[in-house]
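Quick notes on the structure that follows.
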Amino acid sequence: MKIKGETTFDASPDRVWNILMDPEIISQCIPGCQELKEVSDDEFSARLRIGIGAVSGTYEGTLRINDRVPPSRYAMVFEGSGRGGFVKGSGEALLRAENGGTVIAYDCDVEVGGLIASVGQRVLEGVSTFLVGQMFSKLQGFAAQEEAA
Amino acid sequence: MKPSAFEYFRPTSIDEALGLLERYDFEAKVVAGGQSLVPLMNFRLAAPAYLVDTNGISDLSYIRRTDGVIALGAMARQSEIEDSPVVAESCPLLHEATKLIGHRTVRNRGTIGGSIAHADPSAEYPTVLLALDGEVVVRGPAGKRVIPARELFLTICTTTIAPNELLTEIRLPVLPAGTGSAFVELNRRHGDWAIVGAAAVLTVGRDGACSDARIAVAGVGGTPIRCSEAEDILEGRGLDETLFEAAAERAAAAVDPVDDLHATADYKRAMVKVFVGRALTLASERCRRMPDV
Amino acid sequence: MSREIRVTVNGIDHVRHVQPRKLLTDFLREDLELTGTHVGCEHGVCGACTILLNGQTARSCLMFAVQADGADIVTIEGLGENGNLTALQEAFWANHGLQCGFCTPGMLMCAGELLRRNAEPSDHEIREAISGVLCRCTGYHHIIEAVRDAARGQVGESKTSVPGAAPQ
Amino acid sequence: MASTNRWVGKSLRRKEDVQLLTGKGQFADDLKFARLTHAAILRSPYAHARVRSVDTSKALELAGVFGVLTGAEVGRLSRPFPTGMPTRLPYFSAAVDKARYVGEPVAIVVAENRYIAEDACELIRVDYEALPAVTDAEDASRDGAPLLFEDLGSNVVNQRLLSYGDVDHAFANADVVIEHDFKFHKYSSTPIETCVAVAQYDQATGVMTIWSNFHGPYSLHSFVAKGLNLPENRLRLIAPTDIGGSFGIKIGIIPYLTLVGLAAKKTDQTVKWVEDRREHLMALNSGAERTAYYQLAAKRDGTILGIKAKYVDNNGAYIRAPEPANLYRTTGNTTGPYRTPSLQIDANCVVTNKSPTGPNRGYGCQQLYYCQERMVDLLAEKLELDPAELRMRNLIQPDEFPYHTPSGGLYDSGDYPAAVQKALDMADYATLRAHQEEARRQGRLVGIGVATGVEPCVSNMGYLNIAFPPEQRAKPRFHGKSGAGEAATVKLDPMGQVTAILGSAPSGQGHEILVAQVIAENLGVSPDAVNVVAGMDTFTRLWTISSGNYSSRFASAGLSAFAEASTKLREKILRVAAHRLGSAQDQLRVVDGKVFVGDADEPAIDFRGIAGIAHWNPDALPDGMEPGLQVTHLFNYTPARIIDEKDRVNSSNTYGFIAEVVMLEVDRQTGEIEFLKFVSVHDAGVIVNPQRVEGQVYGGLVHGIGGAMYEELAYDEKGQFLAGSFMDYLCPTAMEIPDLDIGHVCSPSPFSTMGTKGCGEGSAMTAPAAIANAVNDALAPMGVRINELPLTPSRLWTAMNGAGATKEVVLAERGNE
């Protein structure tokens, strides 16, 4: 499954970059994130509780940030698993200044495996899009705060 | 495929149910007809620790018409709605949509409240609620509140009803004379979730012009979608096929469906046009057949 | 923690203790040893587990046994009277309305409900009434014929007659 | 004996039905056992992954858990299953070191009940190392593709180039050669009863008993024994009287018989495993996907001269017996009903990270006829001939039977032109074409499809050897195979009652009533008086290596065995009676279990009296006659010969025929298909019970419609399985099926005892072809063709709107001069 899109922030690329690289903020923006621990400079371990309607599950996994080029691009690799199966993927985020703000173009290749994939395909893409949207809208909130501060 | 263990409660009153929901919050789930929740539990996609069964609450299964509104208790069974002369007469859209839900056996257990609270974007009832600008009544720790349809659905299977709230009633307006409605849907197999569903409600005034148009579609987003721009094309105009086509086209342009196993996004978008068009044609035929006010 | 439930099944009252998560299907099949109700999908699509719950068809895989507390249930074992087949069962027999017999409980329940609601169903209505039950053997034709015959009270000898029989 | 048929040919009601209609059937999950425990299987969520470790400690701590068996233990306790081809694959009943498809068993838990067993599965921690997966057979065939079995160096695990007749000559001398490629998708039969296995190991005797709805072929008994590491005479397989459908798919249960057996042995419990629907869809069995490249050479008048085809079969992660037979089961009937003199097949069996394949109603034939019948239509289009007329020109003629096909098939009997003509007449073909023309003038997309197929019945085990090249088969240590036997036991019990014992493990086809009819006919008793014992027990029944319920063999092989057995029993009954009465045997008549001498009105003796002599008083028998009245007949077909050095083999024994005419309309707006006419004509030889045949025809047809339009075991490109529920794997309901007009012609088989043939697979083989032809005909005015299945509304709409369609390539078109 491809998760691909663009989202705009009312903040400079430097600020957006700092937000994206701040585990404290990220942990508050990832939907259902219960814990995000920095294992090393580039690697984080996470526990997420994701719930959509009656369907919910706890996922544990890791996120690795690669190829950081501040404030314009980074790549990531993530994987996690839980009762509903596993999620595994990699992607890239590109930041560019535009109209005084920042546009993030993201492009992830995600594999959702196991139970959810086999019985939930009808809603999988919609749910993913929703979760990503939710995360960005929280991040945008932080960016606005920072800008105001 | 057996569900995880849970603790089971069968409250006999709304207050008792609310007490349980307050106590267990996110860990609790309400089961009404169980036709969507129990499959999820059997697959272990859903594993609530506490199950609050509202089938023991006796005063939630009414169907009443009062003051231009049909009020349905959340536990009104779909088969009761299907068989209800009140619904057939006062809300033909609900009647027509009901017959498209699954199969009779599913409708015997399934409830209108369960379907709306479950908020499957392909389901009929959320689409009807949105098309008719209905509202739902929920009870919670702070008492009763009324949520208009447009503020109810957030995304797939997610509504603005809080975990400690209970949906108790669905209210649908009785539409004026001169109104025709239609619910049509496309599925690969009878009784399945709609690939695309379309509800249309048209009211024609004495002057022959459309005084009110409502269009909602199912299956092409995270929630049912109201097609306001398409409605604008129709309102205040004399209805004809050309106009319907323009409205249907506008509806299709406004949705952003995704690919799934059964249909591509492009196909779904095209089918929004086809089925909105069909719903409009059918609805307008029906409103013309209605006797003059 | 198990709970006590009281159910009437095929006219017999039972009091049993069940775990809340026990599906009604499993309760009927295991606790009451009524194995005529079949399990085909456990997610409410195939219809093989259909029973009558307080007079209406219901999928017993989509209910927990605890939810049936106080209910009056009829399973396929309870359909006939005094050991006789019902007209519908007779019609299934005469019309070859079953092959492996696994979907048959669901078919009988749904077709029976149709005939109680509609004494003279059209073929379309018959198809619709049984469309919530999947059958992989019969291709449905003989089932539709059986329901049609039962509705018309025309249950008799097998009617099929095609050439090709035994030029020995 | 009675000279006219009193019972054969009549639509008698089934003996099976009253039990089933009253909920008293005995299916595998209904059997009762003392102290039963329940298993759940933990399965790989990865399409391809190394299993680094499996930690079962938390699961074992859970109250109510008796034990866990992991894949690694399976590797130690078991031996790999035999593979019916030169390449050996390490196939075990669970993932030993690598998981190769989503749903492959990784561990099995035994617990007090299924609920707890599933709880325990959630507590097992498996450390997987995900590996790149490959799902497409052609991708998997390419260099550099991820390898499922590194040691083999390739995912193409069996490959044969089969040539029959002078195909080069045919193509060199053709007026026209057309080329087209096709994709046939992965789907199943999904019987409503899933698989069930109950295993019990007796430490004292070393006997493993497994009750299951496995219905044969019982040649696979030896596979299970090998998997269990047991001598075959310590493995007892028992099937209950009722099996809730299979259509071939349940043959895929064999690894589970092993896995559950090993779990029972390890935990020393009686262990039951009931496959759930998700497991069934994800991991049991399916028909093979096929990508096919076809070339067809013909004369300008439409005479087909030769076919060259390349099959690339996607057999999933392991080659599970009887695979790779999807490639080879059809060998004898590859040319279908046509007089095609030459043929070349490049057959490729490829492993990928999908679930393993196996027999699925029609086994190999739906893939074959879908491609071939599309080619015939494309040829008709090319030559501007009517597709029905083109078929008529190429059909084998009635005076050519028994007919030898170039690939070794020996078609027993048939009148193909009569059957096709009957289908055309029933459909009123000329009128349909006129209606179509009228509809097209109105801008409607109406199409007519014709398809024919030869229906192979009763597989000859000899075809299994095609997987081996001739030079390997010629080696002295090579064990060739042949035969298509079946066993039947008929007894006159001590008080004169008749009992018949099946070896065919029926799954709903009505074997009991058919056997009763045949025995009633031969013995002169009422079918009601015959007790037919269904089910199977490999310890106590007499069975042949090919016994079982598959390849449409019962009406042909099974009834032949019973006809022979009951004839032998009649002989003995009459000999005893003649001896007792002092009459000549040919003076005796039997009516309703009573023996009459000459024209006498009063019986001279009845079966009870005869049984009294044979069982209770053998001293009164003719000299040298064995006591008792029990006959077991082992029937075999003489044409079930071993493969020859030129790869020719008569892959089946009796061959039925199907002709179908379909008219349908495609909704231009939505791509939905509406059937306007569906005619299906069958030649199943002599029909013992017409209603049973009709039931098979309807069932096969709806399965064919399911395959053509609805059913697909879909995967994503990473190998994730997407159709794990009946919400996404769409079986047609009563609302989706057309009205069907069925017709019959009867060409008695000279090889079966009563002239019967099989009819169990039937339209499942041809309906996809007929529907695809009709859809393509409907879309022809738009210049659109579709070479993929299933024909979903979305796919048709996409094709009509400019993508997803293909054009055939005309390779060569030469003048005659």
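So if the hydrodynamic radius of the stretch D:518-660 is defined as the Kirkwood radius over C-alpha pairs, what does Stokes-Einstein give as its diffusion coefficient at 20 °C and 1.002 mPa s, in µm² per second? Please report the intermediate quantities before stating the final value.
Details: Rh = 17.9 Å.
Estimated diffusion coefficient is 120 µm²/s.
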- [ ] Report ³J(HN,Hα) in whole Hz for each residue of the stretch D:742-753, in order, from the Karplus equation J = 6.51 cos²θ - 1.76 cosθ + 1.60 where θ = phi - 60°; Gly and Pro get x.
- [x] 9, x, 9, 10, 10, 10, x, 7, x, 9, 8, 4
TODO: Could you pull the Rg and Dmax for the stretch A:83-124, using just the Cα atoms, both in Å?
DONE: 15.4, 44
Open item on the list: At 25 °C and a viscosity of 0.890 mPa s, what translational diffusion coefficient does Stokes-Einstein give for chain A, taking Rh as the Kirkwood radius over Cα pairs? Give it in µm²/s as a whole number.
Closed with: 155
- [ ] Grab the Cα-Cα distance for D:Ala172 and D:Glu437, subtract it from 0.36 nm times how many residues apart they are, and report the gain in nm with one decimal.
- [x] 91.7 nm
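Roughly how compact is chain C, stated as its Cα Rg over 2.2 N^0.38 Å to two decimals? The partial results should precede the final answer.
Working: Rg = 17.3 Å, N = 168, 2.2 N^0.38 = 15.4 Å.
Normalised Rg, Cα atoms only: 1.12.
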Task: Percent RCO, i.e. relative contact order, over chain A, from Cα pairs under 8 Å lying at least 6 residues apart - done: 28
Task: Cα Rg over Rh - chain D, Kirkwood - done: 0.99
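Computed FRET efficiency, Cβ-Cβ of D:Lys310 and D:Glu384, R0 45 Å: what is it to the nearest 0.05?
Numbers: r = 28 Å, r/R0 = 0.62.
With a Förster radius of 45 Å, E is 0.95.
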- [ ] For D:His404 and D:Phe478, calculate 0.36 nm times their separation in residues minus their Cα-Cα distance, and state this gained length in nm to one decimal.
- [x] 24.0 nm
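Could you tell me the ratio Rg/Rh of the stretch B:48-135? Both radii from Cα atoms, Rh via Kirkwood.
Values: Rg = 12.7 Å, Rh = 13.3 Å.
Rg/Rh: 0.96.
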Task: Förster radius 35 Å - calculated FRET efficiency between A:Thr58 and A:Val103 (Cβ-Cβ, nearest 0.05) - done: 0.60
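In a shell of Cβ-Cβ distance under 11 Å around D:Leu77, excluding D:Leu77 itself, what net charge do Lys and Arg (+1) and Asp and Glu (-1) give? Intermediate values should be presented prior to the final figure.
Details: positive: D:Arg76, D:Arg79, D:Lys265, D:Lys266; negative: D:Glu73.
The answer is +3.
Please list D:Arg236, A:Arg68 from largest to smallest accessible area, probe radius 1.4 Å, with all protein chains kept in place.
On the way: D:Arg236 65, A:Arg68 85 Å².
Highest to lowest solvent-accessible surface, that is A:Arg68, D:Arg236.
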- [ ] Would you mind listing how long the stretch D:393-437 runs along its three principal axes, going by Cα atoms, in whole Å with the largest first?
- [x] 42, 16, 13
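Where Rh is the Kirkwood radius over the Cα pairs of the stretch D:151-236, the temperature 4 °C and the viscosity 1.567 mPa s, what D in µm²/s does Stokes-Einstein return?
69
How long are the three semi-axes of the equivalent ellipsoid for the stretch D:638-726, computed from the Cα gyration tensor as the root of 5 times each eigenvalue, in whole Å, largest first? Working shown, then result.
Working: eigenvalues 216, 122, 41 Å².
Taking √(5λ) for each eigenvalue gives 33, 25, 14 Å, largest first.
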Open item on the list: Given a Förster distance of 35 Å, report the FRET efficiency between B:Asp59 and C:Arg117 from their Cβ-Cβ distance, rounded to the nearest 0.05.
Closed with: 0.85
TODO: Can you quote the Å³ per residue value for the convex hull of the Cα atoms in the stretch D:570-618, rounded to an integer?
DONE: 65
- [ ] May I ask you to give the average projected area over all directions of the convex hull of the Cα atoms of the stretch B:180-234, in nm² rounded to one decimal?
- [x] 4.3
Open item on the list: Classify the stretch B:94-216 from the C-alpha gyration tensor, please: rounded if a/c falls under 1.5, else prolate or oblate depending on whether a/b exceeds b/c.
Closed with: oblate
- [ ] Run the quick spin-label model on B:Glu285 and A:Lys138: label points 7 Å from Cα toward the beta carbon, then report their separation in nm to one decimal.
- [x] 5.1
Open item on the list: Give me a comma-separated list of calculated 3J(HN,Hα) values for the stretch A:117-126, in order, Karplus coefficients 6.51, -1.76, 1.60 applied at θ = phi - 60°, integers in Hz, x for any Gly or Pro.
Closed with: 5, 7, 10, x, 4, 4, 10, 4, 5, x
Task: If the convex hull is drawn through the Cα atoms of the protein assembly as shown, its volume per residue in Å³ - done: 201
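For the stretch D:714-757, just say rounded, prolate or oblate: build the C-alpha gyration tensor, square-root its eigenvalues into a ≥ b ≥ c, call rounded for a/c under 1.5, and beyond that prolate if a/b exceeds b/c, oblate if not. Intermediate results must be reported in sequence, preceding the final value.
Numbers: a/c = 4.84, a/b = 2.09, b/c = 2.32.
Here the stretch D:714-757 falls in the oblate category.
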Task: Scattering curve values for the stretch D:310-400, log₁₀ I(q)/I(0), Debye with Cα scatterers, q = 0.16, 0.21, 0.22, 0.26 Å⁻¹ - done: -0.74, -1.04, -1.09, -1.33
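When the Kirkwood hydrodynamic radius is evaluated over all pairs of different C-alpha atoms of the stretch B:230-290, what value in angstrom, to one decimal, is obtained? Display every interim value, and only then the final one.
Values: mean 1/r = 0.0820 Å⁻¹.
This gives a value of 12.2 Å.
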Open item on the list: Once you keep just the Cα pairs under 8 angstrom separated by 6 or more residues, what percentage relative contact order results for the stretch D:36-125?
Closed with: 51
Task: D:Ile771, A:Ile30, ranked by accessible area, largest first (probe 1.4 Å) - done: A:Ile30, D:Ile771
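Sorted from largest to smallest, which semi-axis lengths in Å does the alpha carbon gyration tensor of the stretch D:230-349 give for its equivalent ellipsoid, taking the root of 5 times each eigenvalue?
Working: eigenvalues 349, 42, 37 Å².
Equivalent ellipsoid of the stretch D:230-349: 42, 14, 14 Å, largest first.
Taking the Cα centre of chain D as origin and charging only Cβ (+1 Lys, Arg; -1 Asp, Glu), how large is the dipole, in debye to the nearest 20?
Working: 78 positive and 96 negative charges, 355 e Å.
Here chain D has a charge dipole of around 1700 debye.
What's the average, rounded to a whole number, of partner chain beta-carbon atoms within 10 Å of each residue's beta-carbon in D:784-795?
Per-residue shielding by partner chains comes out at 3.
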Open item on the list: Can you bin every Cα-Cα distance in chain B into 5 Å intervals starting at zero and give me the percent of pairs per bin, rounded to whole numbers?
Closed with: 1, 6, 12, 16, 18, 16, 13, 9, 5, 3, 1, 0, 0
Task: Selection from D:Gly252, D:Val109, D:Leu523 lying farthest towards where the dipole of chain D points positive, charges on Cβ - done: D:Val109
Open item on the list: Which of rounded, prolate or oblate describes the stretch C:22-110 when judged by the alpha-carbon gyration tensor and an a/c cut-off of 1.5?
Closed with: prolate
Open item on the list: Under a crude label model (7 Å from the Cα following the beta-carbon direction), how far is D:Gln19 from D:Leu581 in nanometres?
Closed with: 3.6
TODO: Please provide three numbers in whole Å: the alpha-carbon extents of the stretch D:76-199 along the principal axes, with the largest listed first.
DONE: 71, 37, 26
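Could you work out the relative contact order of the stretch D:285-361? I mean the mean sequence separation of Cα pairs under 8 Å and 6+ apart, divided by the number of residues, in percent. Show your work: numbers first, answer last.
Numbers: 148 pairs, mean separation 33.5, N = 77.
The normalised contact order for the stretch D:285-361 reaches 44 percent.
Compute the whole-percent fraction of alpha carbon pairs in the stretch D:684-749 spaced more than 16 Å apart. Walk me through the intermediate numbers first.
Numbers: 1295 of 2145 pairs.
Looking at the stretch D:684-749, the distances longer than 16 Å represent 60 percent of pairs.
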Task: Debye equation applied to the C-alpha atoms of the stretch D:291-449, log10 I(q)/I(0) at 0.20 Å⁻¹ - done: -1.28
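Based only on Cα atoms, what Rg/Rh ratio does the stretch D:219-301 have, Rh being taken as Kirkwood's radius? Could you put the intermediate results ahead of the total?
Numbers: Rg = 19.2 Å, Rh = 15.9 Å.
Ratio of gyration radius to Kirkwood radius: 1.21.
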- [ ] Describe numerically, in nm with one decimal, the distance between label points set 7 Å from Cα along Cα→Cβ at B:Glu22 and at D:Lys183.
- [x] 5.8
Open item on the list: Please compute, over every Cα-Cα pair in the stretch B:180-293, the percentage with a separation greater than 26 angstrom.
Closed with: 18
Open item on the list: Residues of the stretch D:488-515 with the amide nitrogen closer than 14 Å to a label point 7 Å from the Cα of D:Leu634, along Cα-to-Cβ, please.
Closed with: D:488-489
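Would you kindly state how much longer the chain becomes between D:Thr205 and D:Glu571 on full extension, computed as 0.36 nm times their sequence separation minus their alpha carbon distance, in nm to one decimal?
Working: separation 366, 0.36 × 366 = 131.76 nm, distance 4.10 nm.
Difference between extended and current length: 127.7 nm.
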Task: When the stretch D:390-495 is reduced to its Cα atoms, the Kirkwood hydrodynamic radius in Å - done: 19.0
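The values are calculated or read from the model by the stated rules, or taken from the named source; none is laboratory data. Nothing here was measured: the structure is a model prediction, and the numbers come from that model. Backbone-built Cβ (ideal geometry, glycine too); neighbour counts: all protein chains shown. When the accessible area is computed, the model is the full protein with side chains, heavy atoms only, and any ligands, DNA or RNA have been set aside. Shrake-Rupley method; radii C 1.70, N 1.55, O 1.52, S 1.80 Å.
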